[in-house]
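See below for the structure under consideration.
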Amino acid sequence: MSAVLVVHGGAWAIPDELAKASVDGVKTAACEGFSVLKRGGSAVDAVEVAVRALEDNTVFDAGHGAVLNKDGEVELDAIIMDGRTLATGAVSSVKNIANPVSLARAVMEKTSHVMLTSQGANLFAESIGISTVPTETLVTEYERREWEKHKNYMTGVIEDFNTQWAHDTVGAVALDSAGNVACATSTGGIRNKMVGRVGDSPIIGCGGYADNFSGAVSCTGHGESILKVTLARLILSKIEQGKSVTEASQMSLQHMGNRVKGAGGAIVVSPSGHWAATFTTERMAWAAVEQDVL
Amino acid sequence: MFGFTRYYLSDTSCQMTDLLPVVVVHGGAGFIPKERLQLSISGVCAAVRTGHAILKGGGSSMDAVVETVIQLENNPAFNAGCGSVLNVKGEVEMDAIVMDGKTLASGAVSAVRNIANPIQLARLVMDKTSHACLTAEGANQFARSMGIEEVPQESLITEYSRMRWRKNLAPDANPVESQMGKAGTVGAVAVDLEGNVACATSTGGMLNKMEGRVGDTPIIGSGGYADNQSGAVSTTGHGETIMKITLARLILFHMEQGRSVEDASDLGLACMQSRLGGLGGVVTVDPQGHWAARFSSKQMSWAAAQRDIMHYGLYTGEHFTQSIN
């Protein structure tokens, strides 16, 4: 069984000045994740490693580099799912954690629950020795400046152009040598979001889904639109009906555009090793590795 | 759709069936102890009457499901709003979702505290914000900004829920098993006279859950889903398992592929049981007015109203009817 790893660093109109760093970032993360697979590691391990690399990279809106909410604070969401057992872990609105994807994994492996939110998620992190980091370490100067600027915009104006919003959620999907698939998605959400706003990223079936019977998906783009069509699960339902990974992704994204006027992107891998990176936004930073080819 | 009677209007853009409107309500799947059976059944029946009256008067399916669920939240016999189970710290954290099948608009709250009607807040998230889900303190802040009264936690806690919390603090307690249905998540689905579907689900969550635990209820596609192109579902049962198979969305995928409301619901529940060993229940409706109340647990209190007839049941296979008036 040939292992595959695909990562994305967000689907949106990535400005030229961030383009190179975004592409470099996803390439590095993809290689790091793939090296786990090469050593015979699991799909779950691989997606966690890849997403951690993206969280640590300030160019993306996840972990380090996260955007700020209305109150000028960082609230992070993440999900990880194991296609073999359907075991899942997710956190929403957790504060000041450097690697939310690892916290999500801890929810999956150390609790009997699937999702923890907010204060409860932070308490859990503390209880397992994951320390919080000060907001300043997670937020870049660039973000702080942009946040100040946007505070003065009327929200109505911004909403009309949801493809123009920064949607640099990160994610990864993988197929390991044992034939198991997994997905992981992580984000800081949208700039100036309401306090406690939860987007698609940590929502099972929306920001991500993984099932050995059909494949693994991680999504990015306009969160509320992704939620309305349960995009990850939609893509896999089409694969279940016999569509190819590319067709399934394209049809689903088109449906999202038609029905709810939302744009976004998705990375998919099937249990047989086929993969796709598809998007309806202007750009999406992505990278894939299979058989040592990036 | 063939095989049932319908009336064709001369305006062919509107095919009316005499199956509309419909509202179906559930009060939780699982094991309901004898002493609480009557409360559960009378609760869902009273709530379905409320929903029915709204629909008959030409009200929307969204209004119907929200008012129905508000009533169940206010009823201390159910695990939603007043009567919610307690988390491990003895506190109340509630989840709720609404979804509009016409636009796919949705509103949800998770881990919200100190408000009497989380479903009302969920609807406000949908109607008054550009977001689909607010959690915890953020949800409470929003409630305040909407002028929603904060209520003391005590007003939401019943003797019964406190007693069960204490019982389940013991190290050898099994909250999942103990929980199943003794006090249930509530929910409703409806189709109105215009053929619009909607769903609403509300809960206090799992008995003795970790602080901040979010179950299936506020998760779109899991606790509920509504789409005019296929139908609406509201779910109940073991939350984590429902999430892992995105039960509501799964059932609607089956319906999109031509399955009936009963078959689709049963298939979804069977998948949940065979793949993950979880039990639950659903209420499902399609835009033509076909409905089902199905469950893999021993019991689920449910009631439906259609054509001035109220249907209700509790144990598998039960189906009682009486005139709604």
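Numbers below:
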item: Selection from the stretch A:1-28 of residues that are more than 22 Å from residue A:200 (Cα to Cα) and among the hydrophobic types (A, V, I, L, M, F, W, C); result: A:1, A:3, A:4, A:18, A:19, A:21, A:23
item: Count of residues meeting criterion [touching a helix residue (DSSP H, G or I) at 6+ places or on another chain (Cβ under 6 Å) and either farther than 18 Å from residue B:46 by Cα or in a loop (DSSP other than H, G, I, E, B) (or both)] in the stretch B:292-323; result: 3
item: Which numbered condition residue B:252 misses (of (1) within 30 Å of residue B:138 (Cα to Cα); (2) within 11 Å of chain A (Cβ to nearest Cβ); (3) of a type outside the set (Lys, Arg); (4) crowded, with 21+ Cβ neighbours inside 10 Å); result: (1)
item: Yes/no for residue B:198 being part of a strand (DSSP E or B) and either open to solvent by less than 10 Å² (accessible area, probe 1.4 Å) or at pLDDT 95 or above (or both); result: yes
item: Criterion violated by residue A:228 - all others in (1) out of contact with any helix residue (DSSP H, G or I) (no Cβ under 6 Å at 6 or more places or on another chain); (2) open to solvent by 10 Å² or more (accessible area, probe 1.4 Å); (3) facing another protein chain (nearest Cβ under 10 Å) satisfied; result: (1)
item: Residue satisfying all of: in the stretch B:256-276; open to solvent by 70 Å² or more (accessible area, probe 1.4 Å) and at the interface with another protein chain (Cβ under 10 Å from one of its Cβ atoms); farthest from residue B:236 (Cα to Cα) among these; result: B:257
item: Residue B:124 being of a type in the set (A, V, I, L, M), surrounded by fewer than 23 Cβ atoms within 10 Å (Cβ to Cβ) and at pLDDT 95 or above; result: yes
item: Odd one out for residue B:230 among (1) farther than 27 Å from residue B:112 by Cβ; (2) more than 14 Å from chain A (Cβ to nearest Cβ); result: (2)
item: Candidate set: the stretch B:85-116, residues that are more than 11 Å from chain A (Cβ to nearest Cβ) and free of Cβ contacts under 8 Å to residues at least 60 places away in the same chain; chosen: the one nearest to the chain's Cα centre (by Cα); result: B:116
item: Positions within the stretch B:79-105 being open to solvent by less than 10 Å² (accessible area, probe 1.4 Å) and either part of a strand (DSSP E or B) or among the aromatic types (Phe, Trp, Tyr) (or both), in sequence order; result: B:94, B:95, B:96, B:97, B:98, B:99
item: Top-ranked residue in the stretch A:112-150 [being of a type in the set (Phe, Trp, Tyr) and surrounded by 14 or more Cβ atoms within 10 Å (Cβ to Cβ); ranked as nearest to the other protein chains (Cβ to nearest Cβ)]; result: A:124
item: Subset of the stretch A:231-260 that is of a type in the set (Gly, Ala, Ser), assigned to a helix (DSSP H, G or I) and more than 10 Å from every other protein chain (Cβ to nearest Cβ) - its residue that is surrounded by the most Cβ atoms within 10 Å (Cβ to Cβ); result: A:252
item: The lone exception for residue A:266 - which of (1) crowded, with 24+ Cβ neighbours inside 10 Å; (2) within 27 Å of residue A:70 (Cβ to Cβ); (3) among the aliphatic types (A, V, I, L, M) it fails; result: (2)
item: Of all residues in the stretch B:117-166 being more than 14 Å from every other protein chain (Cβ to nearest Cβ) and among the basic types (Lys, Arg), the one that is nearest to residue B:216 (Cα to Cα); result: B:123
item: Criterion violated by residue A:194 - all others in (1) open to solvent by 10 Å² or more (accessible area, probe 1.4 Å); (2) free of Cβ contacts under 8 Å to residues at least 40 places away in the same chain; (3) not hydroxyl-bearing (Ser, Thr, Tyr) satisfied; result: (2)
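Residue-wise test of (1) at pLDDT 95 or above; (2) part of a loop (DSSP other than H, G, I, E, B); (3) among the aliphatic types (A, V, I, L, M).
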site	(1), (2), (3)
B:19	no, yes, yes
B:24	yes, no, yes
B:29	no, no, yes
B:35	no, no, no
B:39	no, no, yes
B:45	yes, no, no
B:69	yes, no, yes
B:77	no, yes, yes
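One line per residue, one yes/no per condition, for (1) buried (at least 24 other Cβ atoms within 10 Å of the Cβ); (2) in contact with a Leu (Cβ under 7 Å, 6 or more places away or on another chain); (3) within 14 Å of another protein chain (Cβ to nearest Cβ); (4) touching a residue at least 40 places away in the same chain (Cβ under 8 Å):
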| position | (1), (2), (3), (4) |
| --- | --- |
| A:10 | yes, no, no, yes |
| A:21 | no, no, no, no |
| A:54 | yes, no, no, yes |
| A:73 | no, no, yes, yes |
| A:89 | yes, no, yes, no |
| A:92 | yes, no, yes, yes |
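The values are calculated or read from the model by the stated rules, or taken from the named source; none is laboratory data. Not measured: the values here are computed from a predicted model. Here the Cβ is made from the backbone with ideal geometry for all residues, glycine too, and neighbour counts use every protein chain on show. Heads up: the accessible areas ignore ligands, DNA and RNA and are worked out on the full protein's heavy atoms, side chains in. Shrake-Rupley method; radii C 1.70, N 1.55, O 1.52, S 1.80 Å.
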